[in-house]
Amino acid sequence: MAASLVELLPKEYGYVVIVLVLYVFLNFYMAFQVGMARKKYNVPYPTLYALESENKQANLFNCVQRGHQNSLETMPIFFMLMIMGGLKHPSVCAGLGLLHVVSRYFYFTGYATGDPAKRLTLGKFHMLAILGLIVCTISCGRSLLDQPASS
């Protein structure tokens with residue numbers, strides 16, 4: 001009898017899946033905050049960024065928008081590294097992924113204050129998590145290459 005894909009994955013891979021879903025909820029939260037900022041600072045759709053020449057509070061809105069946008073820009077990298085690195089190192093990747101999610105929350109909330117420098121107070125640790133995930137993913141790739149050739 002052939003094993004299902006889930007049966008082939010390490011049991012701890014479930015933590016990887018849960019952390020990825022946590023990031024999805026964080027993304028929903030950030031998107032909701034951008035929507036609220038649109039109303040608060042009077043920035044209608046489809047305007048992506050407010051112009052200071054047209055809106056005195058443009059910087060405040062743009063900081064909220066930019067915090068979310070930056071998280072969207074790095075999301076595919078984070079997801080790929082979690083999914084691939086987690087195949088070999090599920091617990092380590094889940095821990096690093098949780099660090100990334102928490103750091104991204106603080107990155108966003110710091111940015112949303114209107115002072116972009118505040119995004120790096122605790123938010124700077126997301127890059128440490130990404131670097132760790134890169135190492136785990138390279139390790140997974142090396143393990144695959146080190147396997148004996150299949151016939």
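The values are calculated or read from the model by the stated rules, or taken from the named source; none is laboratory data. These numbers were taken from a predicted model, which means no experiment stands behind them. Please note: Cβ atoms are built from the backbone with ideal geometry, for glycine as well, and neighbour counts cover all protein chains shown.
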**Request:** Output the residues belonging to segment 83-117 that are more than 17 Å from the chain's Cα centre (by Cα) and either hydrophobic (A, V, I, L, M, F, W, C) or closer than 21 Å to LYS40 by Cα (or both).
**Result:** LEU87, THR113, GLY114, ASP115, PRO116, ALA117
**Request:** Pairs only if they're at least six apart or on different chains, beta carbon under 6 angstrom, first in segment 103-115 and closer than 14 Å to TYR29 by Cα and at pLDDT 95 or above, second among the charged types (D, E, K, R) and in a helix (DSSP H, G or I); list them, first residue then second.
**Result:** TYR107/ARG119
**Request:** Check whether at least one residue in segment 127-135 is of a type outside the set (A, V, I, L, M), assigned to a helix (DSSP H, G or I) and exposed (fewer than 15 other Cβ atoms within 10 Å of the Cβ), and report yes or no.
**Result:** no
**Message:** Out of everything in segment 15-68 that is of a type in the set (Gly, Ala, Ser) and in a loop (DSSP other than H, G, I, E, B), what residue ends up being farthest from PHE108 (Cα to Cα)?
**Reply:** SER53
**Item:** Index of the failed condition, ALA94 passing every other in (1) surrounded by fewer than 19 Cβ atoms within 10 Å (Cβ to Cβ); (2) touching a residue at least 40 places away in the same chain (Cβ under 8 Å)
**Value:** (1)
**Message:** Need the failing condition index for LYS124 against (1) in contact (Cβ under 8 Å) with a residue 40 or more places away in the chain; (2) more than 18 Å from GLY14 (Cβ to Cβ); (3) basic (Lys, Arg), just the number.
**Reply:** (1)
**Request:** Identify all residues within segment 31-71 that are surrounded by 17 or more Cβ atoms within 10 Å (Cβ to Cβ), within 24 Å of VAL101 (Cβ to Cβ) and hydrophobic (A, V, I, L, M, F, W, C); write none if there are none.
**Result:** VAL34, ALA37, CYS63, VAL64
